[in-house]
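Novice: Below is one structure. I have some questions about it.
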Amino acid sequence: MSWLPEFLFLGIWDALAFGIGIALLIYLAMNYSKWPKQIRGSLLVLSFIAVWFTALNWIHDGLHNTGAMPPNWGLLAFTEYLFHVPWLLFGLAIVLVIRQFVKVYK
């Protein structure tokens, strides 16, 4: 059984989510005083979580260095999904806050 499709799926979506997340964090940090008061708290929490998940990337890389590499495909898949699935769920949380953000500005 080939793990290539699963790793391609994670790689594409992870890169896209990471790029959008970094761009969003920079934009939000530059415009903090302009944020609507109704969603400042949720945006601050999401920003903190984004920084936290970025720090978890060091742990993720450390697991790769300690054995989650080919030919140990099972541990590699476990490590990838253990870290990447929460990152993708966090991306969905950002979408919900952006939706709230758009409603405030309508």
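The values are calculated or read from the model by the stated rules, or taken from the named source; none is laboratory data. The structure presented is a predicted model; accordingly, all values stated were derived computationally and were not measured. Methodologically, a virtual Cβ is constructed for each residue, glycine included, from the backbone with ideal geometry; neighbour enumeration extends over all protein chains shown.
Novice: Among the residues of the stretch 69-78, count how many are out of contact with any Asp or Glu (no Cβ under 8 Å at 6 or more places or on another chain) and either aliphatic (A, V, I, L, M) or modelled with pLDDT under 80 (or both).
Specialist: Final tally of qualifying residues: 5.
Novice: Which one of Ile49, Ile12, Ile20 is of a type outside the set (Gly, Ala, Ser), surrounded by 10 or more Cβ atoms within 10 Å (Cβ to Cβ) and without any contact (Cβ under 8 Å) to a residue 40 or more places away in the chain?
Specialist: Working: Ile49 fails: without any contact (Cβ under 8 Å) to a residue 40 or more places away in the chain; Ile20 fails: without any contact (Cβ under 8 Å) to a residue 40 or more places away in the chain.
On inspection, the qualifying residue turns out to be Ile12.
Novice: Just to check your reading of the model, which residue among Val104, Val95, Val85 is exposed (fewer than 13 other Cβ atoms within 10 Å of the Cβ), under 24 Å from Leu24 (Cβ atoms) and more than 19 Å from the chain's Cα centre (by Cα)?
Specialist: Selected residue: Val104, the only one of Val104, Val95, Val85 that is exposed (fewer than 13 other Cβ atoms within 10 Å of the Cβ), under 24 Å from Leu24 (Cβ atoms) and more than 19 Å from the chain's Cα centre (by Cα).
Novice: Which number in (1) modelled with pLDDT under 75; (2) farther than 19 Å from Val102 by Cβ marks the one condition that Gly21 misses?
Specialist: The failed condition is (2).
Novice: Of the conditions (1) out of contact with any His (no Cβ under 7 Å at 6 or more places or on another chain); (2) closer than 30 Å to Leu76 by Cα; (3) not basic (Lys, Arg), Ala29 fails just one. Which one is it?
Specialist: Unmet for Ala29, out of (1) out of contact with any His (no Cβ under 7 Å at 6 or more places or on another chain); (2) closer than 30 Å to Leu76 by Cα; (3) not basic (Lys, Arg): (2).
Novice: Within the stretch 23-37, how many residues are under 20 Å from Trp87 (Cβ atoms) and surrounded by fewer than 16 Cβ atoms within 10 Å (Cβ to Cβ)? Before the answer, list the steps.
Specialist: Start the filter on the stretch 23-37 by keeping residues that are under 20 Å from Trp87 (Cβ atoms), which leaves 23-29.
After this cut, where a residue has to be surrounded by fewer than 16 Cβ atoms within 10 Å (Cβ to Cβ) as well, the list is 23, 26-27, 29.
The number of residues fulfilling the criteria is 4.
Novice: Which one of these is in a loop (DSSP other than H, G, I, E, B) and more than 17 Å from the chain's Cα centre (by Cα): Gly74, Gly67, Gly62?
Specialist: From the options Gly74, Gly67, Gly62, the qualifying one is Gly67.
Novice: With respect to the numbered conditions (1) modelled with pLDDT of 80 or more; (2) touching a Pro at 6+ places or on another chain (Cβ under 9 Å), which one is the sole condition not fulfilled by Leu56?
Specialist: That leaves (1) as the condition not met.
Novice: Condition first: surrounded by 12 or more Cβ atoms within 10 Å (Cβ to Cβ), in contact (Cβ under 8 Å) with a residue 12 or more places away in the chain and among the acidic types (Asp, Glu). Can you find one or more residues in the stretch 58-78 that meet it?
Specialist: No, that holds for no residue.
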